[in-house]
Amino acid sequence: MDTSTAKTEEIKSRKRPQLAAYSELLSTLEALNLRSQQTQDKAELAKLSLTKLLITKRFANIDEEILEISKQRMSANAGEFFSDILVFEAKRLAFKEAANQCQKQANQTQV
Amino acid sequence: MSEASKSNSSLRQHFWQYFFTDDFNKATLAAIDLQALANNEQEISEAYELEAKILLKRGKFKEAQELLTKVKHYSPLKYFIDFLLDGNITALEQGITGSDLDSSIFRAQALLFTKIYWGGDYQLEPALEDIFAKLLIEKDYDRAVLASLQALELIIQEQEFGKDLLEPVAKEHLKNLLELSKQARYESTRAKVYLLMARMFKDRQAAEDAEILFGKEANHNGLAEVYAIYASEFGEKPLENLNRALNIFKITDNIAAQGYIYESLASDALSKGNLQEALKYFSEAEQVLESGGLFEKLGLEIQRLSLMAIKGEFKRIKERAQELLDSDIPKLFKAQVAQILANTLIQVDSDVDSARVLIVTACELLEDLRRYNQLLQAKNILFQIVLLEDDLPQTLKLGEEIIQLSDRLGDESSKATKYVDLAFAIVRGNMGSQEVGDKEMELSTKYFNQAIEIYKYTHNVIGEADVYQSMGNLFANINRSEDAYNSFKNARELYKSEGALLQCAITDSLIGILMLDFTMLNEQTYDIAHKHLEEAFVYYEREGFHDLCWKNAFYISDLNEKFYIATDEDRFKSRAKHYYIEMLGAIRNYRTHSDSATTIDLVNVGGISPEEALSKGAAFFFSIKEDEVAREFKDSRIDT
């Protein structure tokens, strides 16, 4: 196996569990957003938002993943990494939408 | 309940009231009274701990450590303070064995610090959630909100990527904390939520709300923090607000905050080119932070090294940096020291190979720590090294990589700088000649314009000025003098409009030197060159930039000597004499203040050593038959 193919394989093997984890984090955030909508208790709301924050922090590592893949793509010059980036970017966009819901929710609470 | 117990309990209540409203003096008095009223060893120890908590808030870690030696029972605070002073996480983990709230809080905080400075894969999320939930069960809303604020700040600090994801969630959390803080006992707690909102989201209204709430409780420390934020985050009357805050922190004996203000004042002075003022403030910061912790001290070390670099004390940098690299300091500081040393080695010894090893190490450390902002800086130094090696494909690749990283970090300024560097890289091989092809010039100009666009879009006037200065340097290097002059003029105007005096003076020098290089030096260009060089000289002399001062004096002397030779007019002769003498004085000054005979290049077209300048001065005075003065120049050479 040449260096370029080895790198491709390495990224692929790292990518699979990461993608699964990101999907899970996204569902958790969406579920927490729902729970926030269903309660008025201030302490409960604060607890939920802390959990959301910690989940988002874990998800934010996706950026590091994307950067890493981009770097590998540049050095390995393998076209298939481009589609990997798109997959990550799509997950990221979905997560960002859920994160923006948090802010909207907070604004509504204040009104 | 006995009378003694009653007064004990009321004192305790008072202590916590003063603690949460940051009245350090009264809280300390309450803790001392509690020590006097204590009925047993346990109560005395608890009272010592309370006093130590205030010392911790004031940033007096050593005093707190000393006081806690008197505590006889298990004290997680004691281990935490030891950690802040020596950074030994193993000792903390072995010491903090309890599962009480204080133990959990101090352990989590220490681990967060460890993660930031040393790296490591600590899973802190469950601990942070657990602490918050327990405090809520106890209905201790003040502590719950404050603990959450602290965690939030550290989380944001630690996570450099994905800020756009974190921001909306952090906003929601802060809004929820704000609501929760309505159930807290003290208005100051709510004010602190507003304070963090002001800092994190540049929310001016939040800063005002914090000011009102702190004012209600006469929380002077809190008010001082708001003033500091008005200065640092909103740029409002920086000196007035920082000094106002400083005076309050002096009265409340809050040395940690004083140190922070002195550092801000020093950095403000430095950005304006007031070196002497910066050194004065830095020395004040050093004094107050003397009893601070390991991180504060190492932060000071880094600033000290940076100031040495500005002052040209390269020999001292090399010695101190090596000592620090050989010692057991946290990875984050090690990476910073490696960068400073690498820069010095390139600048002074042109030792690119050693610099490369250091910078690659720094990059590895920073990547491991996930400190991407600093990684960006390190990669930029690596870029300079690759550039020196004249490897264009590698330079372009690394340049693009840096632009990509900057983009991820939302660092527009870094992106722009790299475009400028790439603009240079394209024509670098042809510098010094007039043979830059149209295609290269077109690409290079495109990169420059991309940089200007970014700075205009982000309203970064200094950045825009830097690009014009770089364009000037590039044009000067490929003998397009008129374009160079126009670029420098643009840069100078922009620097001046922003009060960036050092940059303005350097541009003055560059214009002067450019005119000196004109093949057709004439009366008109003489006047322009003389005016700019003279203005720069006055500034360097006043601010004590000794290295720049003698070099600038040399260029004015050289300019006048050239004109004297061409015209035989006495006015040029006497000006040349005057500035050569000024140059001699400036070189002596430079040698007194510098520990090394090494120099910084004023421009990238090559520097001149003091020895060469003195020889030139001697030759001039011999040529006008003033042998005695000439000999003084000759004798001042170190190599004679």
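Results for (1) at pLDDT below 95; (2) in contact with a Pro (Cβ under 8 Å, 6 or more places away or on another chain); (3) of a type in the set (Lys, Arg), shown as yes or no for each residue.
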| site | (1), (2), (3) |
| --- | --- |
| B:Val193 | no, no, no |
| B:Met200 | yes, no, no |
| B:Phe214 | no, no, no |
| B:Val226 | no, no, no |
| B:Gly235 | yes, no, no |
| B:Leu239 | yes, no, no |
| B:Lys250 | no, no, yes |
| B:Ala266 | yes, no, no |
| B:Ser271 | yes, no, no |
ask   = In the range B:138-155, what count of residues is obtained for those that are more than 9 Å from every other protein chain (Cβ to nearest Cβ) and in a helix (DSSP H, G or I)?
value = 8
inquiry  = For the range B:551-589, which positions are touching a residue at least 60 places away in the same chain (Cβ under 8 Å) and within 15 Å of B:Ala618 (Cα to Cα)?
reply    = B:Phe554, B:Ser557
ask   = Going by the structure shown, is B:Tyr468 farther than 27 Å from B:Asp164 by Cβ and either basic (Lys, Arg) or in contact with a helix residue (DSSP H, G or I) (Cβ under 6 Å, 6 or more places away or on another chain) (or both)?
value = yes
key: Filter result (within 8 Å of chain A (Cβ to nearest Cβ), of a type in the set (Val, Ile, Thr) and in contact (Cβ under 8 Å) with a residue 40 or more places away in the chain) within the range B:158-195   = none
request  = Among the residues of the range B:469-483, count how many are surrounded by fewer than 24 Cβ atoms within 10 Å (Cβ to Cβ) and part of a helix (DSSP H, G or I).
outcome  = 8
query = Restricting the search to the range B:536-550, which residues are buried (at least 19 other Cβ atoms within 10 Å of the Cβ) and either assigned to a helix (DSSP H, G or I) or without any contact (Cβ under 8 Å) to a residue 60 or more places away in the chain (or both)?
reply = B:Ala536, B:Phe537, B:Tyr539, B:Tyr540, B:Glu541, B:Glu543, B:His546, B:Asp547, B:Leu548, B:Cys549, B:Trp550
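Before we move on, is B:Ala151 under 30 Å from the mean Cα position of the chain (by Cα) and within 25 Å of B:Asn176 (Cβ to Cβ)?
yes
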remark   = Just one listed residue, out of B:Ala491, B:Ala536, is in contact with an Asp or Glu (Cβ under 6 Å, 6 or more places away or on another chain) and either at pLDDT 95 or above or among the small types (Gly, Ala, Ser) (or both), and it is B:Ala536
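Report whether or not B:Leu246 is in contact with a Ser or Thr (Cβ under 7 Å, 6 or more places away or on another chain) and either within 20 Å of B:Ile261 (Cα to Cα) or not acidic (Asp, Glu) (or both).
Working: in contact with a Ser or Thr (Cβ under 7 Å, 6 or more places away or on another chain): no; either within 20 Å of B:Ile261 (Cα to Cα) or not acidic (Asp, Glu) (or both): yes.
In short, no.
Only residues that are more than 14 Å from every other protein chain (Cβ to nearest Cβ), of a type outside the set (Asp, Glu) and farther than 22 Å from B:Lys163 by Cβ: list them for the range B:396-427, please. So that I can check it myself, show each step before the final result.
To start, the set of residues in the range B:396-427 that are more than 14 Å from every other protein chain (Cβ to nearest Cβ) comprises B:412-427.
If we keep only those that are of a type outside the set (Asp, Glu) as well, we get B:413-420, B:422-427.
Those that are more than 14 Å from every other protein chain (Cβ to nearest Cβ), of a type outside the set (Asp, Glu) and farther than 22 Å from B:Lys163 by Cβ: B:Tyr419, B:Val420, B:Leu422, B:Ala423, B:Phe424, B:Ala425, B:Ile426, B:Val427.
Only one of B:Leu324, B:Leu345, B:Leu358 is closer than 30 Å to B:Thr114 by Cβ, over 20 Å from the mean Cα position of the chain (by Cα) and part of a helix (DSSP H, G or I). Can you tell me which?
The unique qualifying residue is B:Leu358.
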message = Looking only at residues that are farther than 30 Å from B:Phe83 by Cβ and either free of Cβ contacts under 8 Å to residues at least 24 places away in the same chain or charged (D, E, K, R) (or both) in the range B:259-295, which one is surrounded by the fewest Cβ atoms within 10 Å (Cβ to Cβ)?
response = B:Lys280
ask   = Among the residues of the range B:89-102 satisfying the criterion of being under 34 Å from the mean Cα position of the chain (by Cα) and crowded, with 19+ Cβ neighbours inside 10 Å, which is nearest to B:Cys363 (Cα to Cα)?
value = B:Ile89
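The values are calculated or read from the model by the stated rules, or taken from the named source; none is laboratory data. Model, not experiment: these values are computed from the prediction. Here Cβ is always computed from backbone atoms with ideal geometry, including for glycine, and neighbour counts include all displayed protein chains.
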